[in-house]
């Protein structure tokens, strides 16, 4: 796992230096600021605003603390910060984190960190620094889009899912997308083609990590969405 994480960090730093926005969202090679961040707002409309019953569960979004895994250059993070009360976002790439922090200038409710690519210890440390070692973070929602499809290790993905379970309050939702096209082959020497998940794989992942899989969409496709609710 250590070798894979180093490779992932190096690959995404290289991509960020080359053309961060393109590798975050490959629809364009030259994104304007307006178009790039509007694409993040579109993700919010497509995956958050149309699913508020599951995500907010009656809570005011401005009262909610949420997590994003794989924030890249801040495309979706910025949209999340406009809608929710507090956002914690992580990425394995130092170069991506630098760009995301610039994108979130003026959003003090957004906290962006470079993590180690497998867990969320940096978020816990930030919380303890603010509130003391006795302060126990409980997040209200976690989200990840177009990230796990690039992780070529099921162990790394499962580590993330278990970490999210530790930080969510009971009953809260982790909504995320994985590669569901099971004919795709993960490339352990590159962090572009990730591990694939079947419906049975997803069910077992939920069971092992303390979640209940209540909904799913897009099985067998690149955009396989999972709704994991913390038990």
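Here are the numbers:
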read-out: Scope region 55-81; condition crowded, with 16+ Cβ neighbours inside 10 Å and over 27 Å from residue 98 (Cβ atoms); matching residues; value: 55, 56, 61
read-out: Number of positions in region 89-148 that are in a loop (DSSP other than H, G, I, E, B) and under 16 Å from the mean Cα position of the chain (by Cα); value: 11
read-out: When residues of region 194-218 are limited to those that are crowded, with 18+ Cβ neighbours inside 10 Å and assigned to a loop (DSSP other than H, G, I, E, B), the one modelled with the lowest pLDDT; value: 194
read-out: Those residues of region 82-96 which are touching a strand residue (DSSP E or B) at 6+ places or on another chain (Cβ under 6 Å) and either surrounded by 24 or more Cβ atoms within 10 Å (Cβ to Cβ) or under 20 Å from residue 137 (Cβ atoms) (or both), in sequence order; value: 84, 86, 87, 88, 89, 90
read-out: Some residue of region 181-198 being more than 30 Å from residue 21 (Cα to Cα) and in contact (Cβ under 8 Å) with a residue 60 or more places away in the chain; value: no
read-out: Enumeration of residues in region 1-11 that are buried (at least 18 other Cβ atoms within 10 Å of the Cβ) and either free of Cβ contacts under 8 Å to residues at least 12 places away in the same chain or over 20 Å from residue 98 (Cβ atoms) (or both); value: 4
read-out: Any hit, region 53-65, residues being within 24 Å of residue 212 (Cβ to Cβ), touching a strand residue (DSSP E or B) at 6+ places or on another chain (Cβ under 7 Å) and in a helix (DSSP H, G or I); value: yes
read-out: Lone qualifier among 14, 29 - being without any contact (Cβ under 8 Å) to a residue 24 or more places away in the chain, more than 17 Å from the chain's Cα centre (by Cα) and part of a helix (DSSP H, G or I); value: 14
read-out: Residue under evaluation residue 20, criteria (1) buried (at least 20 other Cβ atoms within 10 Å of the Cβ); (2) closer than 25 Å to residue 166 by Cα, criterion not met; value: (2)
read-out: Residues within region 168-185 that are in contact with a strand residue (DSSP E or B) (Cβ under 7 Å, 6 or more places away or on another chain) and either more than 25 Å from residue 121 (Cβ to Cβ) or surrounded by fewer than 22 Cβ atoms within 10 Å (Cβ to Cβ) (or both), tallied; value: 10
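The values are calculated or read from the model by the stated rules, or taken from the named source; none is laboratory data. In this text, all values refer to a predicted model and were calculated from it rather than measured experimentally. Virtual Cβ from ideal backbone geometry, glycine too; neighbours counted across all protein chains shown.
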